[in-house]
Amino acid sequence: SSYDHKLNFRKSKEACLSYIQDAMLQKQWKRAAEFLTSYIESLEKDYSREHVGPSEMIWRIGTEILCHHSHSSMKEFNCFIEQMKISGVKRYLKVCLEHVFHLLCNGQVDEAYQNLSLAESWRFGDQTAIQDKEMKLIQAYKGLLDYYSWSKQKNILLEHGLDGFADLSVEQEMHSCFRKAAVNLKEIIKIPGVWDPFVKCYVDLLEFYGDHNEALQVLNEYAYNSRFPANPNAHVYLYQFLKRQGESKKSLISALKILHDIVPSHELMIDFNTMLQKSKKRKKRRLGLEVIFAALDYAGWKENVKAWSCLARQVKQIVISEKHLHWIKEEWSSRKDWWPAFHFSRYLAKRNWQKNKSLSYEKALVAGILLGKDCKYFKYISHQGCKAQVKRFRMLKKFVNRHNPVFLRISD
Amino acid sequence: MEFPAALFPSYFGAGPPREEDGSAPAAGWGEHGQVLQGDPGPGRRKAHPAFVPRRGGTGEIWDPAEAAAVPVLPPSAGCWIPSPAPQDILYRNSLCKKVRACKSGATLDFAKQLGHFFVDHPEDAFGSMGRLLHKNFYLGNSKLTVSVSPVVAVWAHTVPCAAPTSVPSSLQRPARSSTIRMTALMEDIDRLEARRGCHRQHLASRLRWFSHLCRDWLFEVPLGLLADCLHEELMLQWSDLLFDDSLTGGALAWLAPEDVGSHTGLLVHPGGQAMNHLFFQDMVLEELPRARGSPVQFELSGRIRQVAAARVDGEDFVGVRSDYHCGVWRVAGRTGTAPTPLQVIHTDVPATCLTVSPHLPGELAVCTQSGTIYLWNVETRLQQLRSDPQTMFFRDHSPWRWSDFTAHPRVLSCADRTGLQCLDARAPKKCHFDLFKVGEEAGCQQGERVVLPMYLGRAHPSQYLVTTQFSVYVLDERLPLVPMLKWAHMMKAPPVFAHLMPGGPGRSHKVVLGASPTQELLLMQYWGKSWSSGGGSQSACQLAGTPQKLHSIVECLEYLPTQLPHRHHLLQERLGAPAAGLAGTVLEDGTHNSMLVFQLSEAGDVFCQRLTHEAAQAELPQEPCASPQPTPAVPSPAAALRYRRWLRALSRGYMESPQHTWLPSLSQRRLFTRKELEGPMGPSALQRQVRQWLRQVMREGGRIQHWEPVALQSLVLPQPPEPEGGQDPLSTRLTAAWSGDWEQWWEDRSSFNMAQRQRALRERRRRQKRARGRRSLSASFTSSLTYQSELSELSDAGPPLLSPSRPPLPSQEGSSPPRSPPARSPPTSPAPDEALLSSQSLRYRGIPKERRKTLRDYLSVWAEGPPEPPELPGSQASQLCIPS
């Protein structure tokens, strides 16, 4: 009966698919390709009402095989993809986009651009929400490629400009590239998402043409719109833009303050700390100490010499001036139960001494002040340092011994 | 450490997961995802910007070094009891199959399980009532007369010398008269069993009466309560069969030595019959890893569900989770020092998670099914961080919780099926943020659930791995909710195990995902940092290369020596046991790198496979990777030796264990009546002779046609029964005439003759029938015999009795009872011939209807070993024709 026929057909289809899967997972691309040729038959008798029909499978599997098969060429790949584009209306844009990605990764930027233009002009009835998103992405990538050709022409122009030649046609072309890129890039960055490359390029364009207000607005929107994810890069781009514009310390600090609030472990925290330490205001210096303590809480900063030297410098300053010792005390109180094991164990002392002497110096200074001269870390490092007859370490020992009462005041 | 300067573009939306996008079996293939202008790679400068894909980049090539996984440790002593399979607890019949085909869920076989309980635990089920009643229930076959006079008669008979004054005591009389015969009831129950699964059956009214009468008082435990408990347990077992989350995390750990160059390590694994022994086994890593010395062993009071380990300050901390206990051990970095148990905690509800902090020594995270999360420090004991029986983002019934550490030693992640949150242990109520949500944010599908979260700290301090039944995600806690990487893993079962092998500078990070019931292992690679230069800038996360399937334990079955069918089946069951853990390590030996992946099964077996890195090809990035070296087709001699040794140890274990008696025993009481069994005391001389011949012929493999003359000559016809008295007919007749009833004698005489004739006729017909039946029986017997001898040559580890050099069996003496089961029959034979057992053939052989089932049961048990050649009375030998 036809029911049995369908059932058997489905069964053999599934079996075939599992063979393909098995071959691919073992990187036997030739075997997988052979099975795939049999699987293509399932296209003819596609009775399935499933969401993912065989044509999508064939596209996915075929693409993967052609990417890895030793005898496949770019020409064959393009040929296959063109076939796949016409095999499913719903998937057209997605297949186009993936094709473009493949071309871009293989350095065929011009072909990719052609494909993007073609896909952009594609219309088929009402678009679904997903197709709408895909279309926006296609336009955005086209804008990105426009941006790259713009910057290429800009470079040509700048070089020739220095030589004294001004080519009008190149300049015109550059401006048309700018227009095309700006329109498309502007569109996508309005939608919530992570658009780092697009935002960067768009801001670069705007900056070149002197539209700083628009650029600032775009960056503010990207960083502070609550519908967007809390992307640290958005704040970094804003900070870098402000820095390029020579904005005031205050606005730079406020930009970094927000970055500190969302990502206390960001690498810009070193810059932030140095900026705050230089500040005249007590409150800012206080914040600086907080920032550097918070950064060193994270496992990724454990062996960061810069961060430890920032902390050591600030702690040393405070100890020498003997003002604001309560800052250290407050920061230390929430850390004293776990920092000793996390940063200042005897094992770490040995390892730091072996691997990085200057790291161990900075850490020993901090340990000596925070934990006193009897702390394991400090004792080990100062002992080793004195043994190796390094002057720095003898000074360190003297300093810590002199300021040992500070430790008592912090720890009580 | 640094945050990538630019991330791959992606849309971000909030809300519930998307409805469409079913889990496609090929969803993980053929996509680049997105592209990003990236580092063009070493020595590549082009006019055009170079793009890198999010997926489909180049990965390292790892080739399997062996054809299959190889056992690392000898099989654990004692036999393994497989966990229940679906067919054990599901209701099976045609109707239900149809129902299940319509996908309306499975039907649990509740009645069968309740029945099993009554049969397996009769003492618990009806102990005291049974003792009270057993005098009143009579199970015999003979009629039970309840009238008073026979009782008196019996009384009089049994106490012949009773004094005339003694009167039957009033105690004994009611005991006899209140006895009822339960045989019919038993038969009804048997019949019911035979008609199992038939919905339209009519319950015997007798049974209904009985159950109606005694339902309220017969059972020790109230039936309703018992049924509730059983049903709950069944549901639990079934949900465990569908997805057992107690195994999450895996119970295998590899502790690498501090000194990377020394090819040693410590394997921590559970073992023992109940998986309640913790072993710390020293290993030497050569071509194949091998155990060194005997393991350090701890006996725990529960089945080990999870073994987690982390290294802090050069010491390994090993956390062990069982249902109600969690313990922590410390293993010093130096080899040769014994592990020290540090502390044990007891939980009231089963614990679901135990993770060890990679930051601080002796710190662990524990979760329980009540939704409570604790930070456990060996010195400061437990600190409760959160207690919420509800799930975080939307309602989900699962009580499973998980917790792991993050880049900040005081911030822990906590997970349930709906997502992950990070909370600060210093202020757990106030400070927390969402790290991952099953929803539109991560582009999840409907029905997707978190299966295993894992902190990837050894690869990157702020990265996290989350697996669901459809996809794997790599997250960065600095940009929560947006996955850095998402990939549909296409595994058949959800990955409950994951093991990270971080790659050094310029190398990819390797993650092995493992599923439990299917034993799948999948190796995936990702780039966490720019691979072009050693300390280059951080680039966005990319999936590297294509995923690779690794060998599972059960795949080695085809490389093992050929086994006898039932042993093959046992072995298949053993090797196919669900996976219970996963560990691995990368050995760097100059340019020659290899990866070892260990897999633990629920039976306690640890298997291992080695992969070798093809360094030459890895130096040419962007090149489409050619087909790698094919997997070797046959195991190397060393591996084959391992297999043989492992098998030998396994079969020895089976032989020793009392549960697996290869020689079944069967009571014949129900098959034959006692009278039938009461034959002559020993076999006759003729029978003995025939047996001896038969044996001899069997040894020689010859024919037994030369029996014919002997048999014909010794043809014995049944003797006509002698009339009682032993007198000759004439004297009887005279006696009768003398006593005056000569007529009566004549009557008797003629009817005797007729009965005799009838009996003779019946006897002949019966003999013919039996002979016809026997012919097919003996034919099947010989065929099974040859089959066996073929197999015994093939089998390597077959039982010693089967070896060709076995000494000839001593000829059976009269001491053995005539119909005793063949005690030395080899424990092997193919499945019994269906025709042999069909009721038609049984009827054909003249076996009464009521005994056919019993006989069929009997034969099916004996199908384990071929029945000994039927002892033929000589009269039938002439009709025999046994092919040699």
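Throughout, read-outs are computed from the coordinates displayed, never taken from laboratory work. Source: prediction; values computed, not measured. Quick reminder, even Gly has a Cβ in these numbers, built from the backbone with ideal geometry, and neighbours come from all protein chains shown.
Amide H to amide H distances under 5 Å link B:Leu7 with A:Asp196, where only residues 5 or more positions off or on other chains count and H is placed in the peptide plane.
Listed by chain and number, the lysines whose C-alpha is less than 25 Å from the C-alpha of B:Lys112, apart from same-chain residues fewer than 8 away, are B:Lys97, B:Lys98, B:Lys103, B:Lys853.
Taking Cα atoms only, the orientation of helix A:2-25 departs from the longest principal axis of chain A by about 40 degrees.
Over the residues of chain A, compute the C-alpha Rg and express it relative to 2.2 N^0.38 Å.
Working: Rg = 30.8 Å, N = 412, 2.2 N^0.38 = 21.7 Å.
Ratio of Rg to 2.2 N^0.38 Å for chain A: 1.42.
Karplus-based coupling profile of segment A:317-333, in residue order and whole Hz: 3, 5, 5, 5, 6, 6, 9, 6, 4, 5, 4, 4, 4, 5, 5, 6, 4, with θ = phi - 60° in 6.51 cos²θ - 1.76 cosθ + 1.60 and x standing for Gly or Pro. Cross-linked pairs A:Lys85/A:Lys186; A:Lys200/A:Lys302; A:Lys75/B:Lys486; A:Lys133/A:Lys186: Cα-Cα separations exceed 24 Å for A:Lys85/A:Lys186; A:Lys200/A:Lys302; A:Lys75/B:Lys486.
With the cut-off at 29 Å, tell me which of the pairs A:Lys27/A:Lys142; A:Lys243/A:Lys336; A:Lys281/A:Lys391; A:Lys280/A:Lys391; A:Lys306/A:Lys391; A:Lys278/B:Lys430 have Cα atoms farther apart than that. Where the Cα-Cα span goes over 29 Å, the pairs concerned are A:Lys27/A:Lys142; A:Lys243/A:Lys336; A:Lys281/A:Lys391; A:Lys280/A:Lys391; A:Lys278/B:Lys430. Anyone know which of A:Glu173, A:Glu247, A:Glu41 comes out most mobile in the 10 Å Cα GNM of chain A? Its mean-square fluctuation being the largest, the pick is A:Glu41.
By the count of other C-beta atoms within 10 Å, a proxy for reagent exposure, A:Leu7, A:Leu348 are ordered fewest to most as A:Leu7, A:Leu348.
Using Cα pairs closer than 8 Å and at least 6 residues apart in sequence, work out the relative contact order for chain A, in percent. Walk me through the numbers before you get to the answer.
Working: 366 pairs, mean separation 26.0, N = 412.
The value is 6 percent.
Here's how it looks for B:Thr264: its modeled amide H is under 5 Å from those of B:Leu285, which are all 5 or more places away or on a different chain.
Identify the trypsin sites (Lys or Arg not before Pro) of segment A:46-129 meeting these criteria: DSSP loop state and at most 16 other C-beta atoms within 10 Å of the C-beta.
On the way: sites: A:Arg49, A:Arg60, A:Lys75, A:Lys85, A:Lys90, A:Arg91, A:Lys94, A:Arg123; in loops: A:Arg49, A:Lys90, A:Arg91, A:Arg123.
Within segment A:46-129, the qualifying trypsin sites (Lys or Arg not before Pro) (loop, at most 16 other Cβ atoms within 10 Å) are A:Arg49, A:Lys90, A:Arg123.
3J(HN,Hα) along segment B:575-587: 6, x, 4, x, 6, 10, x, 8, 8, x, 7, 10, 9 Hz, from the Karplus curve 6.51 cos²θ - 1.76 cosθ + 1.60 with θ = phi - 60°, whole Hz, x for Gly and Pro. Result for chain A in a Gaussian network model with C-alpha springs under 10 Å: among A:Leu116, A:Leu252, A:Leu396, the largest mean-square fluctuation is at A:Leu396. Taking Cα atoms only, the orientation of helix A:74-87 departs from the longest principal axis of chain A by about 70 degrees.
Of B:Ser76, B:Ser731, the sequence from fewest to most neighbouring Cβ atoms within 10 angstrom is B:Ser731, B:Ser76.
Arranged from fewest to most other beta-carbon atoms within 10 Å of their beta carbon, B:Leu571, B:Leu241 become B:Leu241, B:Leu571. Of the trypsin sites (Lys or Arg not before Pro) found in segment B:472-519, the ones in coil according to DSSP and having at most 16 other Cβ atoms within 10 Å of their Cβ are B:Lys492. Can you tell me the orientation of helix A:29-39 relative to chain A, as the angle in degrees between its alpha-carbon axis and the longest Cα principal axis, to the nearest 10? Tilt of helix A:29-39: around 40 degrees.
List the trypsin sites (Lys or Arg not before Pro) within segment A:330-374 that fall in a DSSP loop (any state other than H, G, I, E or B) and whose Cβ has at most 15 other Cβ atoms within 10 Å.
Those satisfying the criteria are A:Lys336.
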